[in-house]
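The block underneath contains the structure these notes are about, expressed in structure tokens.
The values are calculated or read from the model by the stated rules, or taken from the named source; none is laboratory data. Just so it is clear, the model here is predicted, and its values are computed rather than measured. Here the Cβ positions follow ideal geometry from the backbone for every residue, glycine too, while neighbour counts run over all protein chains shown.
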Amino acid sequence: MPATTLSNAPEPSRTDPAVIRNFCIIAHIDHGKSTLADRMLQLTEVVEQRQMRAQYLDRMDIERERGITIKSQAVRLPWDHDDTSHILNMIDTPGHVDFTYEVSRSLAACEGCVLLVDAAQGIEAQTLANLYLAMENDLTIIPVLNKIDLPAAQPEKFAAELAHLIGCEPEDVLRVSAKTGEGVAELLDEVVRKVPAPTGDADGPARAMIFDSVYDSYRGVVTYVKVVDGRLGKRERIQMMSSGATHELLEIGANSPEMKAADGLAVGEVGYLITGVKDVRQSRVGDTITLLKNGATEALGGYKDPKPMVFSGLYPLDGSDYPDLREALDKLQLNDAALVYEPETSAALGFGFRVGFLGLLHLEVVRERLEREFGLDLIATAPNVVYGVTMEDRTEHTVTNPSEFPTGKIAEVREPVVRATLIAPSEFIGAIMELCQTRRGTMNGMDYLSEDRVELRYSLPLAEIVFDFFDALKSKTRGYASLDYEPTGEQSADLVKVDILLHGDKVDAFSAIVHKDKAYAYGVRMAGKLRELIPRQQFEVPIQAAVGSRVIARETVRAIRKDVLSKCYGGDISRKRKLLEKQKEGKKRMKVVGRVEVPQEAFIAALSSDSDGPADGGKAKK
Amino acid sequence: MRPCATGHSRTPGARPRGLPSASGGAVRDNGRMPSALPDGEAVPEDGSLPPEALDGAAGRPLGFYLHVPYCATRCGYCDFNTYTAAELRRGSGREVTLASRDTYAANLVEEVRLARKVLGDDPRPVRTVFVGGGTPTLLPAADLVRMLSAIREEFGLADDAEVTTEANPDSVDPAYLAALREGGFNRVSFGMQSARPHVLKVLDRTHTPGRPEACVAEAQAAGFDHVNLDLIYGTPGESDDDWRATLDAALGAGPDHISAYSLIVEEGTGLARRIRRGEIAPTDEDQHADRYLIAEEALTAAGFSWYEVSNWATTDAGRCRHNDLYWRGADWWGAGPGAHSHVGGVRWWNGKHPAAYAAALNGGRSPGVGREVLSAEDRRVERVMLELRLSDGCPLELLAPAGAAVAARAVTDGLLDPAAHAAGRAVLTLRGRLLADALVRDMVD
């Protein structure tokens, strides 16, 4: 057992950078990151044995959602090595594909990272993408195989894979069991040995990088920083370098793992600060904090504004819930700087919001929280990307809602493109290549990670991924493929808007922007789907798909011919009246397009792509 | 989706029932209740009504429905409140005794006496009596006559009272019919359903084709003024031609009234199970519409006129006045297990099991288990719902502005008759008859 404990460890603001090690753990979901963190908390004795519970930090996450306490985005762990007391700062990285930028900032706060891979599964695309990010940030990588106690573990195979990826020897790959604790102490020693101490100008003007910002209903925004140069002390006045806004430091300190106030944070240290701001957008990830007095003039590099890539219209099922939806979005935005929204009206769906997200997963997370935490029933339009449209008269349009696609002479339409990484067993190469080809992909390269696992790199239009790529990939690879992608820019493409008309009336919620070659297939599919979903009315209802004024597909819902119960005698009357009342309630939930009554269930079914959301590549705990 | 003969298959949850009775008897649904009773407030032990229920009673006709909850066998499509001997034997000894057919008429007479007490000094004679089931003709004719006599004794019958019983073609003969006629019955309704053996088989009907037609002749010979045949269309396996043959056979027998009902496959029936298992293919609802049009054509050609969505008669006198009483908001007392009653805006219903029914009456209590007092709006909605189904239609003045706009559009859409509309009434066209429920949903707005 190490001699250093919380009581005698070096304190924040008075710690020699030479004994500090800042590191993070890169891992795929379910590869054991939380369990490993638990073992580290126990070994370093920051959590007493009797208080220990499984997935300690994650549990705090759940509590944070309920507004009780704050998740430790960074935990300060004392650890003795070679008779020296060290401070290990374990920094959390957001887990998923849409938060590449946040991940990059967390990585930028570290000098090293633990690459944690399940010894029975090997590396996944998302982990690989984060590994590349870590390499770009010049982090020291400590490769670790977890779950070596599993019977299905193949440590030899996956050690070779990791060695190949990061350019080391298979013997250098550590083997641990987070579950049993085997190898974890050695891993902490390795962190001390391999990860460089932070270097910074202790006497220079203070510069601290924000790597996370979390809203708490009791304390306001808690901002996590790494002090790169100089020192921040309590009660000092700080300035956000991107906006110039100034705040007083109400509290500064470190987590071990609960928040503990200190006198300040010195060069190389990681901790939190509280200024009393109420909205994470006032304390943005990636921004540089300096002191108002004798502050730095040059910000640390790498700051970006989060940019929404995927949009969807969110509408309350019950129109009277609209104010509740607005309030819920306002609340979520306090803790989500990337969430943008503005009111929108749909002829078919009523009042709602056009909401911008970082990606599909971000969308799923937000939607789920709106439904689960705020009890809202929502209809979401099919997600779409942002298009740039240049007209022949050179006017420019930015289209975030397909129904607003301009009419008239269009010179060019541009769509966002992503760099996608796919990892799968090599038997699925053909299937993946075929899929990417049909989704207008261009192959950039392919590498074997090991004998039978391959990494494919593609450029793909984001719109194709947003459509139903995850599901198609999952079914074509029996769930064995993983996917990661990152926006790289935009391209010009032959895109058209397909409208859906019911009984001659356009249904704005069903309009979609698709590639010209796919317009017909989309039109046929939607018209066919709606024919199944729309109940027969008292008149015949034509369903048409059209590009401009040209009809490309047509279906018909035949008129209903009989809607009468043949018997209506004494014993039937009460029941029949009650049924009538019930049916009238049901009618209130109908949306009326022109004269056509469309049940909300039909809208929901027609708008859900056949997918149930992003699959393997994306699931994350964040 | 539930196989359903009506246009309601999209509507989840409660739905009206409506299947012809299991009895060989008629299909008139009178007080017969659905497999589940509605929710409602409790009925007082003495069965008393809120005083306002009798306001203006003198101006409304009063009728009696008498339910006979027994059948020889249960038909595969039936969800009525009826019991076979075997089903009744499953109860405890006391229940079996209470639910016995032998003492049934006596129990029912007790309820007629209760009705007399509850209605107090209401001076109205009874204008119509309808005995339904179940299979009323499973009881001796003398029992049916005895029940009718109780009404005559307690209330008096109007001179021109219509007195109907449902009858199973299998369970009557000329002597039985003569006994009924002599006892005061003047109208009889036979459950014919179909002229085709394969259709009768799917319905589990035991009579042979030709027997119902013979019954009509026997009833007429016995001196019945009015005879009805109940028919069912849209049975799985029935073709358009089978249906035409059924109509021809029925018309050939010479009744003055025909009721035609689409088959509704009710949850929980044997037929529903057979369809679910794929043993029998359900009938498409558009075929029901076709069959209805075939019926309308054949019946009209034979001199019948529709006077309610599912009912046709040769003359005004041939119309069933008892049913008319239901449709026009009159008062009726439904006696027997599960029977429904209505007096002056109060609807109530009896408990379903014959044993519980008998026990209540033996204990001097009302067999009623639930009731509802209708609000003014309920009564307005019911009027639109019921009267629109009649050939006279309903007055437009019943409609709120939104409903009136719906009615105007329905004229344009060909669902309501333009001339009648101009004269202030909503009267269904032939196409409108097939879409009446949809129209009612919009018109009561």
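In the set (1) in contact with a helix residue (DSSP H, G or I) (Cβ under 8 Å, 6 or more places away or on another chain); (2) part of a strand (DSSP E or B), the condition left unmet by A:Pro257 is number (2).
Within region B:389-400, can you find the residues that are closer than 15 Å to A:Cys568 by Cβ and either assigned to a helix (DSSP H, G or I) or within 8 Å of another protein chain (Cβ to nearest Cβ) (or both)? Across region B:389-400, the qualifying residue is only B:Arg389. Give the residue that is farthest from B:Ala158 (Cα to Cα), with candidates limited to residues of region B:296-334 that are touching a helix residue (DSSP H, G or I) at 6+ places or on another chain (Cβ under 6 Å) and either more than 9 Å from chain A (Cβ to nearest Cβ) or assigned to a helix (DSSP H, G or I) (or both). This residue is B:Ala298.
One line per residue, one yes/no per condition, for (1) assigned by TED's automatic domain parsing to the domain that holds B:Cys75; (2) buried (at least 18 other Cβ atoms within 10 Å of the Cβ); (3) under 24 Å from the mean Cα position of the chain (by Cα):
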{"site": "B:Asp256", "(1), (2), (3)": "yes, yes, yes"}
{"site": "B:Tyr261", "(1), (2), (3)": "yes, yes, yes"}
{"site": "B:Gly268", "(1), (2), (3)": "yes, no, yes"}
{"site": "B:Ile280", "(1), (2), (3)": "yes, yes, no"}
{"site": "B:Arg291", "(1), (2), (3)": "yes, yes, yes"}
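Can A:Ala606 be described as in contact (Cβ under 8 Å) with a residue 60 or more places away in the chain and closer than 30 Å to A:Ala512 by Cβ?
yes
Filter region A:158-168 for residues that are over 30 Å from the mean Cα position of the chain (by Cα) and surrounded by 17 or more Cβ atoms within 10 Å (Cβ to Cβ) and give the result.
A:Ala160
A count restricted to region A:285-321 and to residues that are surrounded by 17 or more Cβ atoms within 10 Å (Cβ to Cβ), touching a Phe, Trp or Tyr at 6+ places or on another chain (Cβ under 9 Å) and outside any loop (DSSP other than H, G, I, E, B) stands at 8.
Looking for whichever is more than 24 Å from A:Asn384 (Cα to Cα), in contact with a helix residue (DSSP H, G or I) (Cβ under 9 Å, 6 or more places away or on another chain) and outside the structural domain of A:Pro402 (by TED's automatic domain parsing) here; the options are A:Asp324, A:Asp336, A:Asp279. Which one fits? Within the list A:Asp324, A:Asp336, A:Asp279, the selection yields A:Asp279.
In this structure, does A:Pro205 turn out to be under 27 Å from A:Thr100 (Cβ atoms) and either of a type in the set (Val, Ile, Thr) or in a loop (DSSP other than H, G, I, E, B) (or both)? Judged against the criteria, A:Pro205 is not a match. Considered as a group, the residues in region B:401-445 that are outside any helix (DSSP H, G or I) and of a type in the set (Asp, Glu) include one that is surrounded by the most Cβ atoms within 10 Å (Cβ to Cβ), and that residue is B:Asp417. On the given criteria, is A:Glu392 crowded, with 20+ Cβ neighbours inside 10 Å and in contact with a Lys or Arg (Cβ under 7 Å, 6 or more places away or on another chain)? For A:Glu392, the condition - crowded, with 20+ Cβ neighbours inside 10 Å and in contact with a Lys or Arg (Cβ under 7 Å, 6 or more places away or on another chain) - is not met.
With in contact with an Asp or Glu (Cβ under 7 Å, 6 or more places away or on another chain) and surrounded by 16 or more Cβ atoms within 10 Å (Cβ to Cβ) as the only criterion, which of A:Val144, A:Val176 stands out?
A:Val176
If you go through region B:103-124 and keep only what is surrounded by fewer than 19 Cβ atoms within 10 Å (Cβ to Cβ) and over 12 Å from B:Gly336 (Cα atoms), you end up with B:Thr103, B:Arg113, B:Arg116, B:Lys117, B:Gly120, B:Asp121, B:Asp122, B:Pro123, B:Arg124. Number of residues in region A:523-569 that are more than 23 Å from A:Ser608 (Cα to Cα), touching a helix residue (DSSP H, G or I) at 6+ places or on another chain (Cβ under 9 Å) and small (Gly, Ala, Ser) equals 1.
Take the conditions (1) farther than 25 Å from A:Asp305 by Cβ; (2) hydroxyl-bearing (Ser, Thr, Tyr); (3) modelled with pLDDT of 95 or more; A:Ser346 misses just one of them, which is (3).
Exactly one residue out of A:Val496, A:Val454 is more than 26 Å from the chain's Cα centre (by Cα) and of a type outside the set (D, E, K, R), and it is A:Val496.
Residues considered: A:Val340, A:Val355. Of these, the only one that is crowded, with 21+ Cβ neighbours inside 10 Å, of a type in the set (Val, Ile, Thr) and within 23 Å of the chain's Cα centre (by Cα) is A:Val355.
Any chance region B:365-375 includes a residue that's within 25 Å of B:Leu325 (Cβ to Cβ) and either more than 14 Å from chain A (Cβ to nearest Cβ) or assigned to a helix (DSSP H, G or I) (or both)?
Scanning region B:365-375 turns up at least one residue that is within 25 Å of B:Leu325 (Cβ to Cβ) and either more than 14 Å from chain A (Cβ to nearest Cβ) or assigned to a helix (DSSP H, G or I) (or both).
Just one of (1) crowded, with 16+ Cβ neighbours inside 10 Å; (2) touching a residue at least 40 places away in the same chain (Cβ under 8 Å) fails for A:Thr407. It is (1). Just to be sure, is B:Arg425 farther than 18 Å from A:Gln583 by Cβ, more than 8 Å from chain A (Cβ to nearest Cβ) and touching a Gly at 6+ places or on another chain (Cβ under 6 Å)? In short, yes. For region B:131-164, how many residues are in a strand (DSSP E or B) and closer than 18 Å to B:Asn107 by Cβ? Residues flagged as in a strand (DSSP E or B) and closer than 18 Å to B:Asn107 by Cβ within region B:131-164 amount to 3. Scan region A:464-512 residue by residue and report those that are hydroxyl-bearing (Ser, Thr, Tyr) and in contact (Cβ under 8 Å) with a residue 60 or more places away in the chain. Matches in region A:464-512: A:Ser482, A:Tyr485, A:Thr488, A:Ser492, A:Ser511. One residue alone among B:Glu87, B:Glu45 is at pLDDT 75 or above, over 18 Å from the mean Cα position of the chain (by Cα) and over 18 Å from B:Gly270 (Cβ atoms), and that residue is B:Glu45. Here the helices (runs of 4 or more DSSP H) wholly within region B:194-256 that include at least 3 residues being of a type in the set (Gly, Ala, Ser) and touching a helix residue (DSSP H, G or I) at 6+ places or on another chain (Cβ under 8 Å) are B:211-221, B:240-253.
Checking each residue in region B:220-278 for being β-branched (Val, Ile, Thr), more than 14 Å from every other protein chain (Cβ to nearest Cβ) and without any contact (Cβ under 8 Å) to a residue 60 or more places away in the chain picks out B:Val227, B:Thr246. When each of A:Ala160, A:Ala197 is tested for being in contact with a helix residue (DSSP H, G or I) (Cβ under 6 Å, 6 or more places away or on another chain), part of a helix (DSSP H, G or I) and not polar (S, T, N, Q), the lone residue that passes is A:Ala160. Contact annotation: residue pairs with Cβ atoms under 9 Å, 6 or more positions apart or on different chains, pairing a residue in region B:61-81 that is under 18 Å from B:Asp122 (Cβ atoms) and among the small types (Gly, Ala, Ser) with a partner that is part of a loop (DSSP other than H, G, I, E, B) and at pLDDT 85 or above, are B:Gly63/B:Ala330. Does at least one position in region A:69-81 carry a residue that is modelled with pLDDT of 80 or more, within 21 Å of the chain's Cα centre (by Cα), under 30 Å from A:Leu332 (Cβ atoms) and not basic (Lys, Arg)? Yes: region A:69-81 contains one or more residues that are modelled with pLDDT of 80 or more, within 21 Å of the chain's Cα centre (by Cα), under 30 Å from A:Leu332 (Cβ atoms) and not basic (Lys, Arg).
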